[in-house]
């Protein structure tokens, strides 16, 4: 059953909008602006994970490993999906989990913010706290992640290009693909 039909069957008219994509695609920045335009609450799932663990994401990766982090991420997203009418920016690996994808399909609407490699490298070069990039060439690491994750991200309800344009232009495109006329 398509995601929209499942949500309508449940009577869910105020479902979360869930932004997915690689690190550097603009999920948090675009998500804040989208939430503001739509008068919705914005939640960055990574911030929620850090708050729940009382540790930074790099600390979680270092102390417990990626599998532990992904389990906490899945639990946090499951909780957020129940909270309704908001915009959620997920971590880059969240949508890779089949259980999380299924949950989003049933209770939310996913939007893949797709960016080209050059854009991702340029944006990620500004931050030094990306566990999957630590000690690696960002272009090589991001290229590998693109090859692995883009086929899964393509399962999102909508795809919006997020590279090379202003964040407000990306928000405009999201609103357009959602079919919202007056935001």
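The values are calculated or read from the model by the stated rules, or taken from the named source; none is laboratory data. What you are looking at is a predicted structure, and each value in this text was computed from that prediction instead of being measured. All Cβ positions, even for glycine, are placed from backbone atoms using ideal geometry, and neighbour counts span all protein chains on display.
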Expected output for segment 31-55 (first residue at positive phi, partner at pLDDT below 95 and outside any helix (DSSP H, G or I), Cβ below 9 Å, 6+ apart or cross-chain) is 39/183
- Message: Can you find a residue that is at pLDDT 95 or above and either over 25 Å from residue 70 (Cβ atoms) or assigned to a helix (DSSP H, G or I) (or both) anywhere in segment 128-139?
- Response: no
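Quick one: is residue 144 in a loop (DSSP other than H, G, I, E, B), surrounded by 12 or more Cβ atoms within 10 Å (Cβ to Cβ) and modelled with pLDDT of 90 or more?
In short, no.
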query: Out of all the residues in segment 147-167, is one or more in contact with a strand residue (DSSP E or B) (Cβ under 6 Å, 6 or more places away or on another chain), in a helix (DSSP H, G or I) and modelled with pLDDT of 90 or more?
result: yes
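Looking only at helices (runs of 4 or more DSSP H) that fall completely inside segment 1-120, which ones have 1 or more residues that are surrounded by fewer than 18 Cβ atoms within 10 Å (Cβ to Cβ) and at pLDDT 90 or above? I'd like the intermediate steps shown before the answer.
Details: elements: 3-9, 27-38, 45-53, 57-64, 66-81, 98-107.
Counting at least 1 such residues, we get 27-38, 45-53, 57-64, 66-81, 98-107.
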All conditions in (1) exposed (fewer than 13 other Cβ atoms within 10 Å of the Cβ); (2) out of contact with any helix residue (DSSP H, G or I) (no Cβ under 8 Å at 6 or more places or on another chain); (3) modelled with pLDDT of 90 or more are true of residue 173 except (1)
